[in-house]
Amino acid sequence: MEQSLDWDAGGIIAVDQTALPDALRILRLTTVDAVIDAIGRLAIRGAPAIGLAGALGVALAAHRTTDLAAVRADAARLAAARPTARNLAWGVERALTRLDDGPEAVLAEALTMVDEDEATNRTAAARAADVLRAVCPRRPLRLLTHCNTGRFATAGWGTALGAIRELAAAGEVESVLATETRPLLQGARLTTWELREANIPHYLCVDSAAASAMARGMIDGVLVGADRIARNGDTANKIGTYSLALAAARHGIPFIVVAPESTVDETLADGSAMVIEERAAEEVTRHAGRRTAPDGTAVYNPAFDVTPADLITAVVTESRLVIGPDRQRGTPGVGGALSVPPASVPARLLAPLGGSDQEVAEELVRLAWVLHRRGWMDGTAGNLSARAAHPDHVLITASGRSKDTLTTRDLVTVHAGTGRPTRENGPRPSAETAIHAAVYRTVPGCGAVVHAHPPHATALAARAAAAGRTELCFADFEIIKGLGVPDPSTVTIPVFPNWPDVSRIGADVAAHLAAVGPDAAPVLLIGHHGATAWGPTPDAARNRLESLEALCRLTLLTAPGAQT
């Protein structure tokens, strides 16, 4: 049975997840009470799967009686079977929208949801894989996952485990560390089954060993699912997820949540109002029929915990990033490139400066951290700057600093228009300061400049320079909108020679911007030397740089060997 649940001849058929790994047993559920029992005892579990079971349960109720009030009462009982997962109420509510059209219409809606589920999961998983590729430059990847988020937890493919399948199919997974997931061992019983079935290298650890694995450098990224996501990105998931997020943040490891849109609860501003299910004490005091604690031992057994949004790198659904680099909701650019949340940057890099520029300095350090991890600022390459509290001053990265160890003290204050340091005997500003200064003095409202070496933009710039081209024209790509140019259907990007004297590049940039005026694209390329972007904030500059990289990537993919 490829799907974890389906409809067959008047009943619901489902994989009994309590029987694994001993047996792959199929349940046939013909009453609403049986569906509620299966959900309650975790024979059907996983937020997407119980949402679909709820919808099929409404169809079952509609087929067993013509009393619509009775069907609605059964629907209410189904929705209450487990309180934390948003998907359960969502599935019940969506099936009920067809109740007035008759039982076949309800069943058709429920089966449509089942059919949609795998496509939804594949899309979300592909997005999450792209996000992980963007923030984890190491290949192949060593990943950690918690609980079970694969085909057993959904109708097919899976969410976080689906992303792991996606990466593994591309040859980008070295190994997966699966937590046992106490107390009911969904990771040990189910996730390892699916990983073995998919021939993905894996090993198992007790939940409390995961932080140690991160500390020893054994993990590159964490992928988990979700049962409910608040509007701000706070996420409820299987108990133990919060601990993993804290450990990942401590060690600077990307932490990515993958879930369908049906998991997002727009009625909740944050996670504080989420109802956390507490389950029977026997799940903790007994194991495999044997007592593991003295009789009468009091037990705290929450099924879920809530991970705050600031510990999460990204929450990825099939249609958007619920949180991203700006802590805002929206759609990702091509490749889904993201920043790392503040908590993921080691605290040692964010030394207090004792002035009004602390916030902007920390923002630049965080951005340098993520761009280095993405492979856009290898070694000491690349530089960033942003307006300081003083309107005529700019903070810029010092020369010769590796961006993964850059601290707030490795930023130099320079005059915006000239690039000259404001004080003597301090660190020397980046060699490309002349380019930054040229942008600040010619672009009104410029608040930040980012220069990096994204691979596709750098490659296309090198090709253009070798051919003697001074500009590249892009047309018809949707991602042009990300540059914020007046006409999003086409854009022309200048390509400057990589003069040994950087001040000469700065002079070329200033002359170009002065000639083109306010319609100039906020990005440029330098032959064999990467790309520069600017905007009102560091995040805006980074977004534009990502959009330029996407354009260059798409061009190289769609027209190999072309010059534009």
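The values are calculated or read from the model by the stated rules, or taken from the named source; none is laboratory data. Fair warning: this is a prediction, and the values are worked out from it, not measured in the lab. In this analysis, Cβ positions are derived from the backbone assuming ideal geometry, glycine residues included, and neighbour counts consider all displayed protein chains. Protein only, heavy atoms only, side chains kept; ligands, DNA and RNA dropped before computing areas. Shrake-Rupley method; radii C 1.70, N 1.55, O 1.52, S 1.80 Å.
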Pairs, please: C-beta under 7 Å, at least 6 apart or cross-chain, first residue in a loop (DSSP other than H, G, I, E, B) and in region 19-31, second open to solvent by 80 Å² or more (accessible area, probe 1.4 Å)? Ala19/Arg25
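Taking region 1-18 as the region of interest, how many residues are in contact (Cβ under 8 Å) with a residue 12 or more places away in the chain, out of contact with any Asp or Glu (no Cβ under 7 Å at 6 or more places or on another chain) and surrounded by fewer than 23 Cβ atoms within 10 Å (Cβ to Cβ)?
Looking only at that region, the number is 11.
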Being of a type in the set (A, V, I, L, M, F, W, C) and either within 28 Å of Ile239 (Cα to Cα) or at pLDDT 95 or above (or both) narrows it down to one residue among Val106, Val131; which is it? Val131
Check on Asp207, under 22 Å from Glu180 (Cβ atoms), touching a strand residue (DSSP E or B) at 6+ places or on another chain (Cβ under 6 Å) and at pLDDT below 95: no
Would you check which residues across region 167-182 are open to solvent by 20 Å² or more (accessible area, probe 1.4 Å) and within 26 Å of Leu88 (Cα to Cα) and list them? Glu180, Arg182
Going through region 453-496 one residue at a time, which ones are open to solvent by 60 Å² or more (accessible area, probe 1.4 Å), under 16 Å from Ala533 (Cβ atoms) and among the polar types (S, T, N, Q)? Thr492
Condition check: at pLDDT 95 or above, buried (at least 23 other Cβ atoms within 10 Å of the Cβ) and assigned to a helix (DSSP H, G or I). Does Leu161 satisfy that? yes
Residues satisfying the stated conditions in region 92-108, i.e. open to solvent by less than 60 Å² (accessible area, probe 1.4 Å) and in contact (Cβ under 8 Å) with a residue 24 or more places away in the chain: Val92, Arg94, Ala95, Leu96, Leu99, Gly102, Pro103, Val106, Leu107
Within region 43-88, can you find the residues that are open to solvent by 10 Å² or more (accessible area, probe 1.4 Å), aliphatic (A, V, I, L, M) and closer than 25 Å to Lys238 by Cβ? Ala79, Ala80, Ala81
Within the set of pairs 6 or more residues apart or between chains, which connect a residue that is under 14 Å from Leu42 (Cα atoms) and open to solvent by less than 50 Å² (accessible area, probe 1.4 Å) inside region 275-286 to a residue that is polar (S, T, N, Q) and modelled with pLDDT under 90 with Cβ atoms less than 7 Å apart? Glu277/Thr84
Taking region 370-387, which residues are closer than 25 Å to Ala434 by Cβ and out of contact with any Asp or Glu (no Cβ under 6 Å at 6 or more places or on another chain)? Leu371, Trp376, Met377, Asp378, Gly379, Thr380, Ala381, Gly382, Leu384, Ser385, Ala386, Arg387
Return a yes/no flag: does region 383-393 have any residue that is farther than 27 Å from Arg138 by Cα, buried (at least 19 other Cβ atoms within 10 Å of the Cβ) and out of contact with any strand residue (DSSP E or B) (no Cβ under 7 Å at 6 or more places or on another chain). no
Does Ala236 qualify as being crowded, with 20+ Cβ neighbours inside 10 Å, in a strand (DSSP E or B), modelled with pLDDT of 95 or more and not aromatic (Phe, Trp, Tyr)? yes
When you go through (1) in contact (Cβ under 8 Å) with a residue 24 or more places away in the chain; (2) open to solvent by 10 Å² or more (accessible area, probe 1.4 Å) one by one for Thr558, which number turns out not to apply? (1)
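Scan region 372-386 residue by residue and report those that are within 21 Å of Arg428 (Cβ to Cβ) and assigned to a helix (DSSP H, G or I). Let's see the steps before the verdict.
First, pick out the residues of region 372-386 that are within 21 Å of Arg428 (Cβ to Cβ): 372, 377-386.
Of everything in region 372-386, just one residue is within 21 Å of Arg428 (Cβ to Cβ) and assigned to a helix (DSSP H, G or I), namely His372.
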Got a number for residues in region 287-308 being of a type in the set (S, T, N, Q), under 16 Å from Tyr242 (Cα atoms) and open to solvent by 30 Å² or more (accessible area, probe 1.4 Å)? 0
Suppose we filter region 45-73 for residues that are assigned to a helix (DSSP H, G or I), closer than 30 Å to Leu20 by Cα and among the small types (Gly, Ala, Ser); how many remain? 9
Some residue of region 434-443 being closer than 19 Å to Pro536 by Cα, outside any strand (DSSP E or B), β-branched (Val, Ile, Thr) and open to solvent by less than 10 Å² (accessible area, probe 1.4 Å): yes
If I ask for residues that are in contact with a strand residue (DSSP E or B) (Cβ under 9 Å, 6 or more places away or on another chain) and in a loop (DSSP other than H, G, I, E, B), which ones from region 500-534 would you list? Ala520, Ala521, Pro522, Gly527, His529, Gly530
Among the listed residues Thr418, Thr405, which satisfies the condition of being open to solvent by 40 Å² or more (accessible area, probe 1.4 Å) and over 35 Å from the mean Cα position of the chain (by Cα)? Thr418
Scan Leu144, Leu42, Leu111 and give me the residue that is among the hydrophobic types (A, V, I, L, M, F, W, C), touching a residue at least 40 places away in the same chain (Cβ under 8 Å) and in a helix (DSSP H, G or I). Leu111
Would you confirm whether or not region 111-121 contains a residue that is under 30 Å from Glu546 (Cα atoms), open to solvent by 10 Å² or more (accessible area, probe 1.4 Å) and of a type in the set (Gly, Ala, Ser)? yes
Tell me yes or no: at least one residue of region 134-141 is over 16 Å from Ala226 (Cα atoms), open to solvent by 40 Å² or more (accessible area, probe 1.4 Å) and small (Gly, Ala, Ser). no
What is the number of the single condition among (1) of a type outside the set (D, E, K, R); (2) over 19 Å from Thr192 (Cβ atoms); (3) part of a helix (DSSP H, G or I) that Ala155 does not meet? (3)
Listed residues Gly221, Gly187; which is under 17 Å from the mean Cα position of the chain (by Cα) and touching a residue at least 40 places away in the same chain (Cβ under 8 Å)? Gly221
Subset of region 447-479 [part of a helix (DSSP H, G or I), touching a Leu at 6+ places or on another chain (Cβ under 7 Å) and not small (Gly, Ala, Ser)]: His456, Leu460, Ile479
